[in-house]
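Remarks on the structure that follows.
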Amino acid sequence: MTEQVKKKNTSEEENPNKHNRLIQCAELILPWLIPQELASISLTCKILSQIAKTITLQRSFDASRSYESHPIPFHNLIDDRPYAFFLYTQSQIITSQSPLHRQPWGSSRFASPVAASRCPSSCDCNCDGCDQGSVSGCETLGLEDQEMGIMRECGPSCACGIQCGNRLTQRGISVKLKIARDERKGWGLYADQVIRQGQFVCELLTTQEARSRQEIYDKLTSGGRFSSALLVVREHLPSGKACLRVNIDATRIGNVARFINHSCGCGNLSTVIVRSFGGLLPRLCFFASKDIKEGEELTFSYGEIRVRSNGLQCFCGSPCCFGFLPSEHT
Ligand SMILES: C[S@@+](CC[C@H](N)C(=O)[O-])C[C@H]1O[C@@H](n2cnc3c(N)ncnc32)[C@H](O)[C@@H]1O
């Protein structure tokens, strides 16, 4: 054994360049690996095991992989899972044919939010702000201006840029959040600072071809150790006769909104459907429905419908808890 160690050390000393090249290659390649691959490769040698450990730490320090302006860390006092693995996106992905199969972690922070300002007066987007004929451009519309949980923002067809005051939900997550594990509900999203009523928290960013996946997810969920993040958003037309339905699935690709758990008591977040001028599909955004304390779990009601009699048990803890999570036919 001692002989072997000696031999290994001698070869490292003899080939310091080869050794350094191995580390450089490993540092480039290992961040792309999924957890199972990382675990296998860390068994092969001490160097790779150390690099794999560093990557695991990076992943648990920031679920957003540096895409958001603040790191969003995982905390787990319940079991040995350091983080939940999914591919992070900052924008909506329309189909499941996403080019994202792998994604490196720990990239440099390139998505810092731009300070809100007024958009140029040339903007003629017809949005609520512009409709009011404001000569100085679009103003930020507060939550109190939104009727029936629907809000309109400037979008791809507008002359203004991302700095426009009427693009409140388009500049990424600006509040501090963390993800913590609960014995019965799995991971959950928590406030890591005080969040004021009406403040934008995050958007549910996902792939949208979810309908066909519900059956698969149901089977996996019943086997334990799996929780899906699939939502159905319906936008009713004013006539009430038809609605646009969007299936949103954040199980494999998404952002940290995929960790928001359900509360039968409506929780502390309200969902607002945001339409942007020129944008094809509505977006589902979360705003604080009340003042939220630092450390409080962020929750909202997944819905009222419970079509499955064998639905998942609910542990929201609210006095009006129904006992089962909402479910519906997809
Ligand atoms: C959108 S995900 C939320 C994040 C999830 N807890 C996780 O660990 O990834 C929805 C899943 O979380 C779990 N969940 C959410 N709210 C819950 C609640 N009130 N009681 C029990 N489980 C809950 C269910 O497994 C559900 O399918």
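Figure legend. Inter-residue proximity from segment 182-203: first residues in contact (Cβ under 8 Å) with a residue 12 or more places away in the chain, second residues basic (Lys, Arg) and part of a strand (DSSP E or B), beta-carbon distance below 9 Å, spacing 6+ or different chains. Indicated pairs: TRP187/ARG181; GLY188/ARG181; LEU189/LYS178; TYR190/LYS178; ALA191/LYS178; ASP192/LYS178; GLU203/ARG283. Does LEU284 count as farther than 20 Å from GLU183 by Cβ and touching a strand residue (DSSP E or B) at 6+ places or on another chain (Cβ under 6 Å)? For LEU284, the condition - farther than 20 Å from GLU183 by Cβ and touching a strand residue (DSSP E or B) at 6+ places or on another chain (Cβ under 6 Å) - is met.
Which residues, taken from segment 62-75, are in contact with a strand residue (DSSP E or B) (Cβ under 8 Å, 6 or more places away or on another chain) and within 15 Å of PRO104 (Cα to Cα)? Once the filter is applied, which keeps residues that are in contact with a strand residue (DSSP E or B) (Cβ under 8 Å, 6 or more places away or on another chain) and within 15 Å of PRO104 (Cα to Cα), segment 62-75 yields ALA63, SER64, ARG65, TYR67.
For segment 226-235, the criterion of being in contact with an Asp or Glu (Cβ under 8 Å, 6 or more places away or on another chain), modelled with pLDDT of 60 or more and either part of a loop (DSSP other than H, G, I, E, B) or assigned by the TED database to the domain that holds ALA84 (or both) is satisfied by no residue at all.
Taking into account only those residues within segment 147-195 that are farther than 14 Å from ARG283 by Cα and among the basic types (Lys, Arg), which is farthest from the ligand (Cβ to nearest atom)? So the residue we want is LYS176. Of everything in segment 283-312 that is buried (at least 20 other Cβ atoms within 10 Å of the Cβ) and assigned to a loop (DSSP other than H, G, I, E, B), the residue that is farthest from the ligand (Cβ to nearest atom) is LEU298. Of all residues in segment 265-302, exactly one satisfies the criterion of being of a type in the set (Asp, Glu) and under 16 Å from the mean Cα position of the chain (by Cα), namely GLU297. Screening LEU189 with (1) part of a loop (DSSP other than H, G, I, E, B); (2) within 30 Å of THR54 (Cβ to Cβ); (3) at pLDDT 70 or above gives one miss only, at (1). Within segment 26-75, being within 30 Å of THR169 (Cα to Cα) and among the basic types (Lys, Arg) holds for ARG59, ARG65. Here is the figure for segment 254-268: residues that are near the ligand (Cβ under 7 Å from one of its atoms) and in a loop (DSSP other than H, G, I, E, B) total 2.
The values are calculated or read from the model by the stated rules, or taken from the named source; none is laboratory data. Note that the structure is predicted; figures quoted are calculated from it, not measured. Virtual Cβ from ideal backbone geometry, glycine too; neighbours counted across all protein chains shown.
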